[in-house]
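See structure below.
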Amino acid sequence: MKKFSSDKTLKIFKTKKNFKIAQWKKEEDEIFLEILSTKKRNKWKLLLNILTNKSYNECNARYRFLKNQYTKGRWTKQEDEKIISLVNCFGKNWKLISKVIKNRLNKQIRSRFTEHLDENLNKSNFSLQEDNKILELFSNFQNKFRGNIFKHYFINRTTKSLSNRLKFLLRNRIDISDKFQWNV
């Protein structure tokens, strides 16, 4: 093992490099898809030899993106209607439904249905009793929000709506009994 003198410094840790996100050109995408559509054995090696400025991880990520073409962002009314009709046909089989709705992941579809589209959801304002129960449960669980436990007490409310309501109550420091006392 080589010894270093005290006047020389040894860099043990790699310095952080400023990495740019690889921008893909249309020509590179065309080459990429053309090579991967062939039935050659070593197509990944061939691809990396042709696209010398791209790493294996960049090519793999690009392949997954081009193959699936998943959509992010806002949902359209047509997608919502399609989800509702498919849930009525197949039940809550999200994997099967995501095969029909090809541009969304099954996790996205499940989340959209359970948090927004389910007919059984209670989207009305929270009542005084519900507010009291939320605060009571919160204090019983040592001031921690336990979504799954809260959901057992509020069957038709989403975990997100319960969490938001709790945050609202705590943020505004509302004494619920005083707020509703004059309305009774």
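The values are calculated or read from the model by the stated rules, or taken from the named source; none is laboratory data. No experiment lies behind these values; they were computed from the predicted model shown. Here the Cβ positions follow ideal geometry from the backbone for every residue, glycine too, while neighbour counts run over all protein chains shown.
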How about segment 146-163: which of its residues are loosely packed, with under 14 Cβ neighbours inside 10 Å and not in a loop (DSSP other than H, G, I, E, B)? Gly147, Asn148, Ile149, His152, Tyr153, Lys160
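To keep it simple, each residue is scored yes or no on (1) touching a Ser or Thr at 6+ places or on another chain (Cβ under 8 Å); (2) within 30 Å of Glu28 (Cα to Cα); (3) not assigned by TED's automatic domain parsing to the domain that holds Ile35.
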{"residue": "Tyr56", "(1), (2), (3)": "no, yes, no"}
{"residue": "Ala61", "(1), (2), (3)": "no, yes, no"}
{"residue": "Glu81", "(1), (2), (3)": "no, no, yes"}
{"residue": "Trp94", "(1), (2), (3)": "no, no, yes"}
{"residue": "Ile97", "(1), (2), (3)": "no, no, yes"}
{"residue": "Arg104", "(1), (2), (3)": "yes, yes, yes"}
{"residue": "Arg110", "(1), (2), (3)": "no, no, yes"}
{"residue": "Ile134", "(1), (2), (3)": "no, no, yes"}
Determine if segment 95-114 includes at least one residue that is under 24 Å from the mean Cα position of the chain (by Cα), farther than 24 Å from Lys67 by Cα and loosely packed, with under 14 Cβ neighbours inside 10 Å. no
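Please work out which residue is farthest from Lys160 (Cα to Cα), limiting yourself to segment 103-126 and to residues that are polar (S, T, N, Q) and in a loop (DSSP other than H, G, I, E, B).
Going through the qualifying residues, I end up with Asn103.
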Within segment 129-145, can you find the residues that are exposed (fewer than 15 other Cβ atoms within 10 Å of the Cβ) and at pLDDT below 85? Ser139, Asn140, Phe141, Gln142, Asn143, Lys144
Please give the number of the condition Lys92 fails out of (1) surrounded by 12 or more Cβ atoms within 10 Å (Cβ to Cβ); (2) part of a helix (DSSP H, G or I). (2)
